[in-house]
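Report on one structure; see the data block that follows.
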Amino acid sequence: MSLLEVRGLRVTFGGRTAAVRGASLSVEKGETHCLVGESGCGKSVTALAVMNLLARGARREAEALSFAGQDLRHLSDREMSRLRGDRMAMIFQEPMTSLNPAYTIGSQMTEVLRRHRGAPRARAAERAAELLARVGITAPGMRLGQYPHQLSGGLRQRVMIAMALMCDPELLVADEPTTALDVTVQAQILRLLAGLQRDLGLGILLITHDLGIVARVADRVSVMYAGEVVESAPTAQLFAAPRHPYTRGLLRCVPVPGKVRRDEPLGSIPGVVPRIPPGFRGCAFRDRCPHAAPACAEAVPRQEAGPGHEFLCTLPPDWALRERAA
Amino acid sequence: MLTFLLRRLAVAILVAMTVLTLSFMLTRLSGDLAISIAGPNATQEDVALIRAAYGLDRPLVVQYLDWVGRAAVGDFGTSYFFRERVADLIAQRMPITLTLGLVGLGIALLVSIPLGILAAVREGSWVDRGVMLVALVGQAMPSFWLGLLLMILLGLQLGWLPISGTGSWEHYVMPGIVLAFSAIPALMRLTRSGMIEALSSDYIRTARAKGLSRLSILGKHALRNAAIPVVSIAAVQLGFMLGGSIVIETVFALHGVGYLAWESISKNDFPVVQAVVLVLALIYIGLTLLADLLNAALDPRLRAS
């Protein structure tokens, strides 16, 4: 049983635009699963849908959506709020605005434990200080009395992470937790997440558009395009033998020192992520795909390219090998 | 925090001095005071006598400094009409106006904050539209008219409340409602828009991600941030209620400061007019200062800047 199982997730806004169109993915206990893709491909919406934090007016449907064997689809708001912050936690992309400016760090951290565990104030404060130290914040006792505006972005994101860990969650959903931070802080935060996962056996769903991060921390990668997961594979496998033309295009956009020559142009994918009208059939990438064929306008098969390696394309699994041989 | 306090205090003092000067100047702009005090049948000699008696023959600068010096120690002179000390006149009537203002603000807050929150939570629903319609009607309705309507309905037809005078707490209910009615639209709109903004913010998403209860999300995390503009405007509204209750006090025959101001203006009783303007302005300044302090308590970022 997977820790998080998502199958056929669909999210629509006001019935017109479909942000997520049948996405499937699963996160195992103690695994880091990276969800990658361009802006607007539905990564964040997927994460919010899992946590049931979608904005009002959004509609969520799924063939399966379960957490530790519990079906999340029919939980009431109250039941879901009992899970959130306790067994499944989330951190966001915007460390500068994700903390409430009117309350101290201590107040915001302790209320999680007080809410879910009924912990007394003093014990919750103790736990908060302990976690601040755990995420590498010095003088945690003093930080508890400070307000968000007194902290830098990197510190705030650490506070967010520490806050997410207050109740020892089993699943952490992290939506681009390092995008707003500078590179050195980014590395620290990623090391921190990796360490926490190793020590606490946490399952992490990490959303990012940075393939460098993926290569460093992911056990498994799912590539999202226009609201669908178009390819999913163990990290090494995906980087070594990507099957979906979109994944290949994405990988070519990343400069690799030593591999890309100085005067060689960097790859790019022409066009932008299209808006998908309702009732759309076929592959959403076909207008940007160098391998597009008439068959791409029909239902696209989900194919297996190896153990745990799936992709959504009309091309045969060994097309890349054959292309190279020819 | 201390620098914040000192800076606000310095601003308040500057404004108070400006008001002091303005209230003196305004009363001298309406023509020769000695002539209007003396009345239409007075002779030249009478006017000259009055002018000398009230010190109006002195140069303006001297009169001004005299007034400032006395006002600073709470001596506003003697009323020409009532023949009483102005300070006593105001002290007698201030409790009535203060009670009325506080009752009005209390009713206004009790109505507008819950309704504003409700409208924000149900943004776009018929509840929201209904609340905003009430706000629109409230803004458009003249308060004297509402006062008369209430008197007819609650006072004369149903006989629930007395329609004039200041004998008991019941006398303050109707005028309180009328005063509140003028403040409710603005306070309700602000609460609504503040809550809508707060509820769509990232930190509310965080609060939801933490699994907090609805009560905690609305009452603790959203309301505190939405309250800041509401506090500022509530203070201004209370100031308006104290200074602008002239109409209400007249309609309900409440002899408060507003009524006193109206009487003294019509009688050209300029020491009273000056003093009322000054006292109300000082209260206003005090209220603004109080609102700033409350907001600093609500939002730590204001304390830092």
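The values are calculated or read from the model by the stated rules, or taken from the named source; none is laboratory data. What you see is a predicted model, and the numbers here were worked out from it, not measured in a lab. For neighbour counting, all protein chains shown are included, and Cβ atoms are generated from backbone atoms with ideal geometry for every residue, glycine included.
The table below lists the values:
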quantity: Qualifying positions in region A:50-66 - within 13 Å of chain B (Cβ to nearest Cβ) and closer than 30 Å to A:Gly195 by Cβ; calculated: A:Val50, A:Met51, A:Asn52, A:Leu53
quantity: Filter result for B:Leu242 (among the aliphatic types (A, V, I, L, M), buried (at least 21 other Cβ atoms within 10 Å of the Cβ) and within 17 Å of the chain's Cα centre (by Cα)); calculated: yes
quantity: Test: residue in region A:16-28 that is part of a loop (DSSP other than H, G, I, E, B), over 12 Å from the mean Cα position of the chain (by Cα) and surrounded by 13 or more Cβ atoms within 10 Å (Cβ to Cβ); calculated: yes
quantity: Residue within region A:186-203 that is assigned to a loop (DSSP other than H, G, I, E, B) and within 12 Å of another protein chain (Cβ to nearest Cβ) present; calculated: no
quantity: Considering residues of region A:132-170 that are within 14 Å of chain B (Cβ to nearest Cβ) and among the β-branched types (Val, Ile, Thr) only, the residue farthest from A:Met109 (Cα to Cα); calculated: A:Ile161
quantity: Residues located in region A:49-66, provided they are farther than 11 Å from B:Arg208 by Cα and buried (at least 23 other Cβ atoms within 10 Å of the Cβ); calculated: A:Ala49, A:Val50
quantity: Options A:Arg10, A:Arg56: the member that is without any contact (Cβ under 8 Å) to a residue 12 or more places away in the chain, of a type outside the set (Val, Ile, Thr) and not in a helix (DSSP H, G or I); calculated: A:Arg56
quantity: Check on B:Ser143, in contact with a Lys or Arg (Cβ under 9 Å, 6 or more places away or on another chain) and within 26 Å of B:His171 (Cα to Cα); calculated: no
quantity: Sole residue being aromatic (Phe, Trp, Tyr), free of Cβ contacts under 8 Å to residues at least 60 places away in the same chain and under 25 Å from B:Leu6 (Cβ atoms), chosen from B:Tyr203, B:Tyr284; calculated: B:Tyr284
quantity: Region B:107-153: number of residues that are aromatic (Phe, Trp, Tyr) and either at pLDDT below 90 or over 26 Å from B:Leu218 (Cβ atoms) (or both); calculated: 2
quantity: Of all residues making up region A:208-243, the number that are among the hydrophobic types (A, V, I, L, M, F, W, C) and either within 13 Å of A:Cys41 (Cβ to Cβ) or not in a helix (DSSP H, G or I) (or both); calculated: 9
quantity: Flag if B:Ile96 is touching a residue at least 40 places away in the same chain (Cβ under 8 Å) and touching a His at 6+ places or on another chain (Cβ under 9 Å); calculated: yes
quantity: Identity of the residue in region A:79-106, assigned to a helix (DSSP H, G or I) and more than 9 Å from chain B (Cβ to nearest Cβ), that ends up surrounded by the fewest Cβ atoms within 10 Å (Cβ to Cβ); calculated: A:Glu79
